[in-house]
Each structure stands twice: as structure tokens, then as C-alpha cells.
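The values are calculated or read from the model by the stated rules, or taken from the named source; none is laboratory data. Just so it is clear, the model here is predicted, and its values are computed rather than measured. Using ideal geometry, Cβ is built from the backbone for each residue, glycine included, and neighbour counts are taken over all protein chains shown.
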Amino acid sequence: MDTSIDPIAALKSDHEAVRAVLNNLGGYLKKINSVLSDGLRNNLINQLHEITGFIDKDLEIHFRKEEEALFPVLGNYIGLETGPIHAMLIEHKQSRELSAEFKLKINGYPQSIDFKPIIDIGNSFLRLLSGHIDKEENILFNMADIQLSKDEKHSIMVKMLDIK
Ligand SMILES: [Fe+2]
Ligand SMILES: [Fe+2]
């Protein structure tokens with residue numbers, strides 16, 4: 001990522017990666033109850049572990065880019081305590097809570113082979129996050145595009161590049 005890239009375009013490109021992972025997650029959650037062999041079930045659980053790895057690392061970096069670089073500057077125009085940024089921060093918190101719970105359930109395998117909580121929590125996470133990124137793209141990012149100056153966009157991008 002270089003600093004000439006628009007920060008909103010960079011965040012949208014993160015969203016594409018998140019959407020691909022959510023798509024895989026949905027597929028694994030559908031399959032988990034119908035796999036018959038232990039081997040296939042272990043594979044599926046390993047794939048879910050990979051997804052929680054992505055959530056802990058890549059999604060967390062994405063959230064921090066929004067929270068530490070975009071939101072403080074955009075907040076000067078549209079407020080932080082109420083309105084869309086406030087709503088997005090609540091959803092980040094809910095997403096972190098759900099993913100922590102999801103990880104706990106997956107780590108319970110194979111001592112616990114009750115997959116219902118994994119499926120339920122996984123689907124709640126999936127619904128929350130796909131709604132979240134749709135809202136950011138349809139509402140918040142459009143506001144950012146309109147409100148932010150070229151210089152502000154540049155400094156947001158520079159800050160985002162520091163978040164790893
Ligand atoms: Fe977000
Ligand atoms: Fe986002």
C-alpha cells in the first residue's frame with residue numbers, strides 16, 4: 001500500500017478480503033454438521049482456526065485503521081459521540097465480543113463436539129460483520145469522500161500505513 005492511494009479505497013480493499021473470509025466461514029458452518037469422518041471434521045475445525053487467526057490479526061488491524069486514523073478526522077465533521085461513527089464503534093465492540101466467544105467454542109473442540117454454539121455464534125458474527133461493512137461502504141465512506149480534503153485523506157493514509 002503506498003501513500004498515494006486513497007484511504008477510503010484502501011479500506012474498501014480490506015473489506016473485499018473480509019467478504020471473502022466471511023464467504024468461506026459461511027460455507028464451513030453449513031458443512032460442519034454433515035461431515036461424517038473425524039478427519040474431515042478436524043480439517044473443518046482447522047479451517048475455522050485459520051479464520052479466527054485472520055479475525056485476530058487482519059480484521060483487528062482494519063478496525064484500528066478506522067478507529068485510529070479515519071474516525072478521529074471524520075468525527076470533526078460528523079461527530080463521534082452520536083451518529084454513524086458511534087454506531088460503527090458499537091459494532092466493532094460487538095464483533096470483538098462475538099469473535100472472542102467464537103474462538104472459545106472452537107477451542108473447546110474436541111472435548112466438546114456440540115457444534116450448535118459454534119454454528120450459532122459463527123452465523124451471528126457473519127451477519128453482524130457483513131451488515132457492518134455494507135453500512136460503512138454505503139453511508140460512512142460516502143460521507144468521508146464528500147467531507148475530507150485531499151490533505152486530510154493523505155494524512156489519514158499515512159497514519160493507516162503505521163498501523164500493523
Ligand atoms: Fe468498521
Ligand atoms: Fe471497515
Next on the checklist: If Ile113 satisfies all but one of (1) modelled with pLDDT of 95 or more; (2) over 27 Å from Ser13 (Cβ atoms); (3) among the aliphatic types (A, V, I, L, M), what's the number of the condition it fails?
Outcome noted: (1)
Item to check | Residue satisfying all of: in region 66-90; buried (at least 18 other Cβ atoms within 10 Å of the Cβ) and within 15 Å of the chain's Cα centre (by Cα); nearest to Ile133 (Cα to Cα) among these | outcome: Met88
Checklist outcome for this item: The condition from (1) within 16 Å of Ser130 (Cα to Cα); (2) under 15 Å from the mean Cα position of the chain (by Cα) that Gly27 misses is numbered (2)
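Can you find a residue that is over 18 Å from Ile121 (Cβ atoms) and within 14 Å of ligand 2 (Cβ to nearest atom) anywhere in region 50-59?
For region 50-59, residues over 18 Å from Ile121 (Cβ atoms) and within 14 Å of ligand 2 (Cβ to nearest atom): present.
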Checklist entry - Among the residues of region 45-65, how many are within 13 Å of ligand 1 (Cβ to nearest atom), surrounded by fewer than 21 Cβ atoms within 10 Å (Cβ to Cβ) and of a type in the set (A, V, I, L, M)? => result 1
Next on the checklist: So Lys93 ticks every box in (1) surrounded by fewer than 14 Cβ atoms within 10 Å (Cβ to Cβ); (2) away from ligand 1 (no atom under 13 Å from the Cβ) but one. Which box is left unticked?
Outcome noted: (2)
